[in-house]
Amino acid sequence: MLKLLSVPCQRSFHEMTTLSQTKELFRRAEAVCFDVDSTVIREEGIDELAKFCGVGDAVTEMTRKAMGGSMTFKKALTERLSIIRCSREQVNKLITDHPPQLTPGVRELVDSLHQRNIKVFLISGGFRCIVEHVATQLNIPLHHVYANRLKFYFNGEYAGFDESQPTAESGGKGKVISMLKEQYGFKTVVMIGDGATDLEACPPASAFIGFGGNVVRPQVKERSSWYVTSFGELLKELEKI
């Protein structure tokens, strides 16, 4: 039975989890995994970094292609970072001068999940230095953060990124969820996000909830059995427990 409930998201339209099944899986989830950029926070971290480094337009277009699923995530990440070539100092200054803006309602939702002893994880194709800042604001333990690591030379200049992280690859978010299920013994894990890389994490996630509160991606909306535009909708469902 659990296996049947855990495979719906990538199946044909008629075999997808129904809205009521998805809501039930969310209510009884042992863990909830959130995407970060354009989900937990209002912006795309890599686009903000690009703007800060003066190459915003070129990188925004590439992000749009990556999120739409028209190029592999790793290729898009490599190409965008080779344009930005940010220094450690620039990254630190971005976080100080333009800290990530939390999406309205996410703090209350995460607090409510924590109160119910539901584990919360952040799984991001963005950068750990930015995502850790977000996790701290939401009282999410840093060992519950999975994101890409930027590499710098001793003088602080850009030296690439850690390609061994699962989040650097297409399908990486699913790999993290599989790892979490194995490590913690979770049976029911729900993924919440706005993009193609979030949708493809189900399965192994038991259910996927599409989020359109910051940006609506049509292919994600049409393939989500439950698509929300505010975290208040999820909070209301949680309160039915």
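Structure notes:
- Full-stretch length increase - M179, T18 - with 0.36 nm per residue and alpha-carbon distance subtracted: 55.4 nm
- If the Kirkwood radius is taken over C-alpha pairs of segment 148-241, then at 25 °C and 0.890 mPa s the Stokes-Einstein diffusion coefficient equals 162 µm²/s.
- Computed FRET value (nearest 0.05) for S82 with R27, which takes r as the C-beta separation and R₀ as 30 Å: 0.10
- Span from the segment 152-197 Cα centroid across to the segment 110-149 one, whole angstrom: 12
- Semi-axis lengths (Å, descending) of the ellipsoid that matches the C-alpha gyration tensor of segment 19-175: 28, 18, 14
- Counted residue by residue at 0.36 nm each, then reduced by the alpha carbon distance between them, the extension gain from L102 to Y153 reaches 15.3 nm.
- Above-threshold pairs, the threshold being 18 Å between Cα atoms, out of K119/K173; K74/K175; K93/K151; K119/K181; K151/K175; K23/K221: K151/K175
- Gyration tensor over the Cα atoms of segment 97-211: the corresponding equivalent ellipsoid has semi-axes (square roots of 5 times the eigenvalues, largest first) of 24, 19, 13 Å.
- Of the solvent-accessible surface of the chain, computed with a 1.4 Å probe over protein heavy atoms with every protein chain present, carbon and sulfur atoms account for 51 percent.
- 222 nm mean residue ellipticity, helices alone, for the chain (DSSP H n ≥ 4; -39,500 (n - 2.57); rounded to 500): -12000 deg cm²/dmol
- In this simple spin-label approximation, S112 and T229 carry label points 7 Å from Cα along the Cα→Cβ vector, and these lie 1.9 nm apart.
- Farthest towards the positive end of the charge dipole of segment 99-204, among the residues G160, P141, L102, is the Cα of P141, using unit charges on the Cβ of Lys, Arg, Asp and Glu.
- Solvent-accessible surface of the chain, taken per residue with a 1.4 Å probe and all protein chains present: 46 Å².
- Taking the empirical scaling 2.2 N^0.38 Å for compact globular proteins as reference, segment 85-128 has a Cα radius of gyration ratio of 1.55.
- Helix 106-115 axis, angle to the chain major axis (alpha carbon atoms, nearest 10°): 50
The values are calculated or read from the model by the stated rules, or taken from the named source; none is laboratory data. Predicted model only: the values in this text are computed from it and were never measured. Cβ atoms come from the backbone with ideal geometry, glycine included; neighbour counts cover every protein chain shown. Calculation scope for accessible area: heavy atoms of the full protein, side chains included, ligands and nucleic acids excluded. Shrake-Rupley method; radii C 1.70, N 1.55, O 1.52, S 1.80 Å.
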